[in-house]
Structure formats: structure tokens, C-alpha cells
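Taking it in order: structure first as C-alpha cells, then the write-up.
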Amino acid sequence: MFVSYFAGAAVAFIAGALPTSYLAGRVLRGIDLRRHGSGNLGATNVLRVMGTLPALLVLAVDVLKGFAPVFWLPSLAGGPGVIMFQCVLGLCAVAGHVFSPFIGFKGGKGVATGAGVVLAISPAAIGICMLVWALLFAALRIVSVASLAAALTLPLAIFITVDRTTAGFGTLQTFGLLVAGGVFITHRANIGRLVRGEEKRLSRGGGSK
């Protein structure tokens, strides 16, 4: 079991660490996205700098980075303590995205990759979070507010949608709290700008205003 956990965690971390938006900037535009727009390596900054199609591509791959290892690796490893194993894999994938060794241990904020992880474990819970995200973004056009609200919703969504008699429910609930806390930590600069009234809205064309 230890070998399965260790090998799986390493694969999940490497998958999460793939610097999708950085590669998109280099390959499609020949730019370092860290020096353009907000400087963040996430789909939102790709949208601002490069447009809708590259942003959608980056978003899809970032979600897949979280989904794939959590969905497939437990079955390949024989499913040792499935929920626990999935949570370990998910945390490693998100950590890889946020602290990518391929770009100096700096990466994105983990929202899309975290969403992919939860999609693999509890599709109903991520459905609720996505609804919260979409409603707040439609109302305010501020990505960070929508992301923070969705993260805050995650533990409650897990509590509502997952059978509490399921083996590993407590582990999954703890995982939801850790992911939510992590999103708030990676968004601390955004929170500061929100408090100061300086956080930019995303226009319908993809630019900031």
C-alpha cells in the first residue's frame, strides 16, 4: 500500500505540475505569461492576454490534470483505501499545479485543477460549486470572488451530496476543507485587492475593467 501511495502521489504531483498556461504562452505566442496581464499562470490571465480559445484549452487541461490521476490511478493501484488514496492524489495534483518545479515552484492558484479532483471524487459536489461560481461571476464579473465563493461552498456541497455513512466520508470532508483553505491562501493577494476595492472585473470580451 505504501508503494502505491508514494508512486501515485508522485505521478499526481507531476501531472499537476505541468505548466499549462506557461506552455500555451510560449508555444502559441512566444511570450512568458508571467510578464503579461496579471502575471498569474491561470486560465483567467490567458483569457486576458491571449483570448478565449487558448483560455478554454488551458482550462480544460488544468481540470484534466486534477481529474485524471484521481479517477484512474486508484483502480490501477488496486484501490488501497479508495477515498483516502483519492484525496492524497488530489492534494498532490493541486500542490503540483501551485508549486510547479518546472517553473521555479510557482504556478497557478489551483482552482481548475482542484475542480478536476472533486469532479473525479464527487461530481454532484462540484456541480453545486460550479453553479455558485457561475451565478456570482455572472452577477459581478470578478473571477476571484466567484472562485472564493465556490471554494467556500465545497465542504458544504460534500456534506449535502455524499452519503455520510460512506466509508471515508470524514476524510473527504477534511479534504474539502483543505482545498477550500488552500484556495483562500493562493488568493490572498486578490483578497487584499478586494478589501481595497482594487480587484478588476473581467469584461465580456475577456479584458479587465
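The values are calculated or read from the model by the stated rules, or taken from the named source; none is laboratory data. None of the values given here were measured: they were computed from a predicted structure. Note that each Cβ is placed from the backbone with ideal geometry, even for glycine, and that neighbours are counted across all protein chains shown.
Residues are listed down the side, and each one gets a yes or a no for (1) in contact with a strand residue (DSSP E or B) (Cβ under 7 Å, 6 or more places away or on another chain); (2) touching a residue at least 40 places away in the same chain (Cβ under 8 Å); (3) under 30 Å from Ser203 (Cα atoms); (4) not in a helix (DSSP H, G or I):
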position: Asn40; (1), (2), (3), (4): no, yes, yes, yes
position: Leu47; (1), (2), (3), (4): no, yes, yes, no
position: Ala68; (1), (2), (3), (4): no, yes, no, no
position: Ser75; (1), (2), (3), (4): no, no, no, no
position: His97; (1), (2), (3), (4): no, yes, yes, no
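Of the listed requirements (1) of a type in the set (A, V, I, L, M, F, W, C); (2) at pLDDT 95 or above; (3) closer than 30 Å to Gly197 by Cα, Phe105 misses just one: (2).
Taking Val88 as the residue in question, decide whether it is part of a helix (DSSP H, G or I) and under 12 Å from the mean Cα position of the chain (by Cα). So Val88 fails the test. Determine which member of the set Pro54, Pro19, Pro101 is touching a residue at least 12 places away in the same chain (Cβ under 8 Å), surrounded by fewer than 16 Cβ atoms within 10 Å (Cβ to Cβ) and of a type outside the set (S, T, N, Q). Unique residue meeting the criteria: Pro101. When restricted to residues that are out of contact with any Leu (no Cβ under 7 Å at 6 or more places or on another chain), assigned to a helix (DSSP H, G or I) and either at pLDDT 95 or above or β-branched (Val, Ile, Thr) (or both), region 12-34 contains 9. Restricting the search to helices (runs of 4 or more DSSP H) fully inside region 113-197 and requiring at least 1 residues that are among the aromatic types (Phe, Trp, Tyr) gives 123-140, 143-161, 169-186.
Quick one: is Val145 crowded, with 19+ Cβ neighbours inside 10 Å and farther than 28 Å from Ile14 by Cα? Here the answer is yes, as Val145 does meet what is asked.
Condition check for Gly192 on (1) exposed (fewer than 13 other Cβ atoms within 10 Å of the Cβ); (2) under 19 Å from the mean Cα position of the chain (by Cα): one failure, at (2).
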